[in-house]
Amino acid sequence: MKLSSDIAAVVTGGASGLGEATARALAAKGVKVAIFDMNEEKGEAVAKDIGGVFCKVNVTSDADVDAGFEKARAAHGQERVLVNCAGTGNAAKTAGRDKATGETKHFPLDAFNMIIQINLVGTFRCIAKSAKGMLSLEPMEDGERGAIVNTASVAAEDGQMGQAAYSASKGGVVGMTLPIARDLSGEAIRVNTILPGIFNTPLMNAAPPQVKEALAQSVPFPKRLGNATEYASLALEMIQNSYFNGEDVRLDGSIRMAPR
């Protein structure tokens, strides 16, 4: 797909981190970008900076997602590009003992379900609603109607202790990529997923410097955290390269996560 000012895109989680870098990279190609995010202040600032539009959206809400697409399409027209970066995580062992009291406990099921609803169901919700809209578009010169990029994680394949919910949600994103790509292939819509490793995002910036350095040294090469612009570069390649379809690609400096 050739990116230009004729193309509209939606980036979920576009107010910061991987999503912000991707929104900026798309805008630099002339694409009209709509940002879906919960953080109104940051989202509005990024949208203003790139000449886009901000839509306050909780991806777990049908009503929010519908309203977001309605606002984005009113401003820019039907999107041909969707990049799903909205997501979060938590950590708790499946079952264990409280070190102080010896009391046994398990992963709170509401906390487990919350991660699944945001990372997995939220991603699918945006895909399904965006793809439905893409069906109304005429194919471009290269025959394509649209391209979708999702964000999983290396935790989908080598999750650490306490990551049962996070790994399950990201593993679900990986698992649904090929079936969705097959579902949409007859309509000329491509679907791919990126599995980032340890990236230098606002969440990671909250960690102490020594923790960040230890994580950087755990990467085989290069021995540093990934940059959000590197994620954006791969996302754009997946969008622009018409033979890229149904793939799940690790972007991780060849790291394989240890159990803890």
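Restricting to segment 1-19, count the residues that are out of contact with any Gly (no Cβ under 6 Å at 6 or more places or on another chain) and over 15 Å from residue 78 (Cα atoms).
Here the count works out to 7.
List every residue pair whose Cβ atoms sit under 6 Å apart, with the two residues 6 or more apart in sequence or on different chains, where the first one lies in segment 229-243 and is surrounded by 15 or more Cβ atoms within 10 Å (Cβ to Cβ) and the second, anywhere, is hydroxyl-bearing (Ser, Thr, Tyr) and modelled with pLDDT of 95 or more.
Taking only residues 6 or more apart or on different chains, the pairs are 232/22; 235/22.
Can you spot a residue in segment 196-213 that is touching an Asp or Glu at 6+ places or on another chain (Cβ under 6 Å) and buried (at least 16 other Cβ atoms within 10 Å of the Cβ)?
Yes, segment 196-213 has at least one match.
If you scan segment 246-260, which residues turn out to be part of a loop (DSSP other than H, G, I, E, B), under 21 Å from residue 176 (Cα atoms) and touching a helix residue (DSSP H, G or I) at 6+ places or on another chain (Cβ under 7 Å)?
The one that is part of a loop (DSSP other than H, G, I, E, B), under 21 Å from residue 176 (Cα atoms) and touching a helix residue (DSSP H, G or I) at 6+ places or on another chain (Cβ under 7 Å): 246.
Kindly indicate whether any position in segment 214-227 is among the polar types (S, T, N, Q), at pLDDT 95 or above and buried (at least 19 other Cβ atoms within 10 Å of the Cβ).
no
Which residues, counting only those in segment 24-45, are surrounded by fewer than 24 Cβ atoms within 10 Å (Cβ to Cβ) and either closer than 23 Å to residue 203 by Cβ or among the aliphatic types (A, V, I, L, M) (or both)?
24, 25, 27, 28, 38, 39, 40, 41, 42, 44, 45, listed by residue number.
Taking into account only those residues within segment 1-23 that are within 17 Å of the chain's Cα centre (by Cα) and among the hydroxyl-bearing types (Ser, Thr, Tyr), which is surrounded by the fewest Cβ atoms within 10 Å (Cβ to Cβ)?
Selected residue: 16.
The values are calculated or read from the model by the stated rules, or taken from the named source; none is laboratory data. Since the structure is predicted, the reported quantities are computational estimates derived from the model, not experimental observations. Because the Cβ atoms are built from the backbone with ideal geometry, glycine has one as well, and the counts that use them run over all protein chains shown.
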